[in-house]
Amino acid sequence: MGVRVLALLSLAVGSVAVRPACAARARAARAYVTLAAKKGGKGMPARSGGGFGAPPAGCTTATSAAELLGGYEALYAWLDAGGASRRVAIAGFAGLRGVMATEDVRKGDALIAIPSALALDLGVDAVDPLPAARAFLGAWHALRAARTGSAADPRALAFAPFFDAIPPMGSADLSTPDFFSDEELRELQWPPLEAEVAARASALRAAANAGGFDPAELNWARWVVLSRVLTVQDALPTAPARKLLIPLVDMCNHHLSRANAIPSGRVGGRLNVLAARDIARGEQVLIQYGGGALSNDRLLAEYGFIDGSPPALELDVLMLARALRSARSPGASADGSPLPPLPTAALSTTTLAQDERLLADAAACPPGSRLAAAVRFRAMLKRALAELVARQPGRGRQ
């Protein structure tokens with residue numbers, strides 16, 4: 001984006017139009033169950049294309065497009081023995097791992113019902129994911145000790161099948177910017193996310209030093225919390241919300257416009273996912289992360305994927321408007337110092353056309369790589385910025 005466009009935005013960004021559908025998603029973010037769900041698992045690499053968990057454009061969710069994945073028999077046996085009710089299984093959808101309905105399910109019926117005892121409770125909800133990450137690591141270390149015989153508590157083995165289904169350290173599934181190199185972070189062309197990653201790295205080092213944790217292990221555990229954990233309000237309205245890692249639910253993928261299932265919270269001691277409409281056998285079970293109100297900076301930062309759909313573009317437009325408004329707010333330079341560059345200035349390092357050519361060059365930008373994720377992210381922001389400019393009074397479409 002050129003200087004002229006950025007100057008225009010610094011003056012007129014406050015007048016951006018909010019489309020009704022996006023406003024509705026923002027209200028949905030205050031839902032009973034707040035999602036901070038799923039990433040990865042065994043058997044198939046995660047994808048950054050087509051929106052995290054969303055089937056690629058043109059891909060159906062019929063039985064013929066899905067393939068049940070092996071390697072989860074121990075998890076299923078553990079769930080069944082623990083009293084879980086499931087009408088789903090883990091499957092691959094055109095290269096993307098997700099959850100598939102194994103029978104026809106009517107609207108309002110439970111697809112998944114997990115007893116609370118089978119969910120890993122990581123403590124009271126908090127903005128900072130590190131306390132929950134430390135709790136997760138504690139349970140993981142107890143399991144390792146029990147398996148090696150250095151600890152005799154058999155209770156540590158209770159969640160072994162669940163832990164075994166979670167992507168390990170070093171997995172390709174760990175694709176959030178917390179695992180990017182400095183060069184890969186610069187390729188995002190979005191300084192606010194670079195600054196967030198730096199702040200998270202500093203907080204992680206401090207927590208690791210204070211608690212005697214291995215930084216790599218704690219970083220992995222924080223990724224598990226951010227990408228797979230659900231914040232669930234108890235049935236009692238006065239009880240604090242809890243951070244829960246819930247088997248199968250943590251494997252459900254995200255889709256803004258085609259979500260067909262809704263996590264319903266804790267009901268009668270069970271954690272349920274209900275069909276939002278009739279679902280046919282072989283369909284992928286899709287939910288909305290964050291109530292459907294997360295822009296791509298949040299999706300990439302917490303889940304490691306970019307959603308290229310039109311509804312996601314709308315959320316990015318609103319995110320950019322907020323970022324630009326904040327950068328030029330009256331308090332942004334209260335001490336009289338020069339204002340820093342607009343956060344969108346870095347996006348002018350390359351053009352959208354250059355980004356698209358790079359993405360089309362598999363040799364220079366391998367599909368599924370962190371570089372590809374960074375380029376797809378900045379390209380999405382450039383599309384959103386162009387849309388934001390077009391909505392300014394008197395501008396019209398460019």
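See the values below:
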read-out: Residue among Leu256, Leu271, Thr231 farthest towards the positive dipole end of segment 30-310, charges placed on Cβ; value: Leu271
read-out: Separation of the Val127 and Glu196 label points, Cα + 7 Å toward Cβ, nm; value: 1.3
read-out: Modelled FRET efficiency - R0 41 Å, Ala172 with Arg328, Cβ distances, 0.05 increments; value: 0.55
read-out: Whole-Å semi-axes of segment 30-310's equivalent ellipsoid (Cα gyration tensor); value: 27, 24, 18
read-out: Order of Thr350, Thr176 under a 10 Å beta carbon neighbour criterion, fewest first; value: Thr350, Thr176
read-out: Neighbour-count ranking [beta-carbon atoms within 10 angstrom, fewest first] of Asp214, Asp173; value: Asp214, Asp173
read-out: Cα shape, segment 179-222, gyration tensor, a/c 1.5 rule; value: prolate
read-out: Label-to-label distance, nm, for residues given as Leu68 and Asp104 (7 Å Cα→Cβ offset); value: 1.9
read-out: Burial ordering of Lys107, Lys382, Lys243, fewest other beta-carbon atoms within 10 Å first; value: Lys107, Lys382, Lys243
read-out: Rounded, prolate or oblate (a/c below 1.5 giving rounded, otherwise prolate when a/b exceeds b/c) for segment 56-203 by Cα gyration tensor; value: oblate
read-out: C-alpha center-to-center spacing [segment 101-117, segment 347-363] in angstrom; value: 43
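No value in this document is a laboratory result; all are computed from the given coordinates. Bear in mind the structure is a predicted one, so any value in this text is a computation, not a measurement. Heads up, the Cβs are rebuilt from the backbone with ideal geometry, glycines too, and the neighbour counts pull from every protein chain shown.
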